[in-house]
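Input: a single structure, listed below in structure tokens.
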Ligand SMILES: [Mg+2]
């Protein structure tokens, strides 16, 4: 049994033995770490994301269908699919300039819980009764032990093979996390040549420069945590010098993430879950799983506070399953700062409008 699998097995045993252990600690009326964890609903999500066949099958469904989505989106007349040359034998990548009025298709992917499964870290937090901290998160990222969200690497390679570019849009730090993330992905089978500097659009990229990926802001800069939507919008609206090729034009035609904020966070950051559902119903719902090139992409303009239609089509793919730490929890007051029994009460309160009143 490898190291990660052994960890999951231990968590499984932990849960199985809870009823017996809980009854013992209840007689003493002293809440133990085990009892607190028994109240932590997030642990079930952790287990599902770590050890279930359903998780892998969900990912396989998502990424197999994503190949079809890419095929449809990249067929738009404004795009050219013969400008990206990945030579697998020479392990090299070359980009050629697009024709006048055309662009190279881009798939923008979030990393955590979209490409990389970080549940070993989430499990460690849960069994140690710890809350997330940037210090332990950096140590986890630098351990390079993230596992693959099944078939994500296969999908990335499929895009590059078919004339597209995959860029990474993540709230991992450019300064502290990029190199270890790259090594982690290489260990999982993503060829190093598919990760040139210009595909990295993580926290810290300086969007005001001509090569944002090479210009990293100080963490104290207010622009350090730029919106993901702004990073993607810049890629679609500005031309770049890629290697020695001038004026390369890209269009982001596909966004893949595990969190609603991976798509239009200009509009969705820090709003409630019901407000997010309203945006889904009124604005962006048609884009999720979109295969129709007549359905145009959407940009939320933070200056005008208005939705704008793009002049080309986009498709969104959401990789499901992150019920442990997604942003759907961020607007539940005190959720992330609480633990154990208190957290369980907060979850129960958030569920009260969605709970059956019981048999009459
Ligand atoms: Mg994510």
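Read-outs throughout are calculated quantities, based only on the coordinates presented, and are distinct from any laboratory measurement. These figures come from a predicted structure and were not determined experimentally. Glycine also receives a Cβ, built like all others from the backbone with ideal geometry; neighbour counts cover every protein chain displayed.
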field: Extension gain, residue 214 back to residue 239 (0.36 nm per residue minus Cα-Cα distance, nm)
entry: 7.4 nm
- prompt: Hey, what number do you get for the chain at 222 nm if only DSSP H runs of n ≥ 4 count, each worth -39500 (n - 2.57), divided across all residues, to the nearest 500?
  reply: -11500 deg cm²/dmol
- request: May I ask you to derive the FRET efficiency for residue 223 and residue 360 from their Cβ-Cβ distance with R0 = 56 Å, giving the value to the nearest 0.05?
  value: 0.50
message: Would region 219-277 count as rounded, prolate or oblate if I go by the C-alpha gyration tensor, calling it rounded below 1.5 in a/c and otherwise prolate when a/b exceeds b/c, oblate otherwise?
response: oblate
- request: Would you give the gap between the C-alpha center of region 133-177 and the C-alpha center of region 64-93, rounded to a whole Å?
  value: 19 Å
- prompt: Efficiency by 1/(1 + (r/R0)^6): what FRET value for residue 193 and residue 130, r their Cβ-Cβ distance, R0 = 41 Å, to the nearest 0.05?
  reply: 0.60
message: So if each residue of separation counts as 0.36 nm, and I subtract the Cα-Cα distance between residue 48 and residue 311, what length gain in nm does that give?
response: 90.7 nm
field: Inter-centroid distance (Cα atoms) of region 235-267 relative to region 184-218, Å
entry: 12 Å
message: As I understand it, the value is the acute angle between the Cα axis of helix 53-73 and the longest principal axis of the Cα atoms of the chain; what does it come to in degrees, rounded to 10?
response: 20 degrees
- prompt: Cα gyration tensor of region 312-359, axes a ≥ b ≥ c as square roots of the eigenvalues: rounded (a/c below 1.5), prolate (a/b > b/c) or oblate?
  reply: oblate
message: If you wrap a convex hull around the alpha carbons of the chain, what volume per residue comes out, as a whole number of Å³?
response: 165 Å³
- request: For an R0 of 30 angstrom, estimate the FRET efficiency from the Cβ-Cβ distance between residue 91 and residue 295 and round to the nearest 0.05.
  value: 0.20
task: For region 37-123, divide the Cα radius of gyration by the Kirkwood radius and give the resulting Rg/Rh value with two decimals.
output: 1.16
statement: Quick note, region 67-201: a/c under 1.5 would make it rounded; otherwise a/b > b/c is prolate and the rest oblate (a ≥ b ≥ c, C-alpha gyration tensor); here it is prolate
task: Output the relative contact order of region 59-354, whole-number percent, from Cα pairs under 8 angstrom with separation of 6+ residues.
output: 20 percent
field: Over region 36-174, relative contact order from alpha-carbon pairs under 8 Å, at least 6 apart, %
entry: 35 percent
- request: Compare the peptides 61-68, 258-265 by average per-residue count of other Cβ atoms within 10 angstrom and give them in order, highest first.
  value: 258-265, 61-68
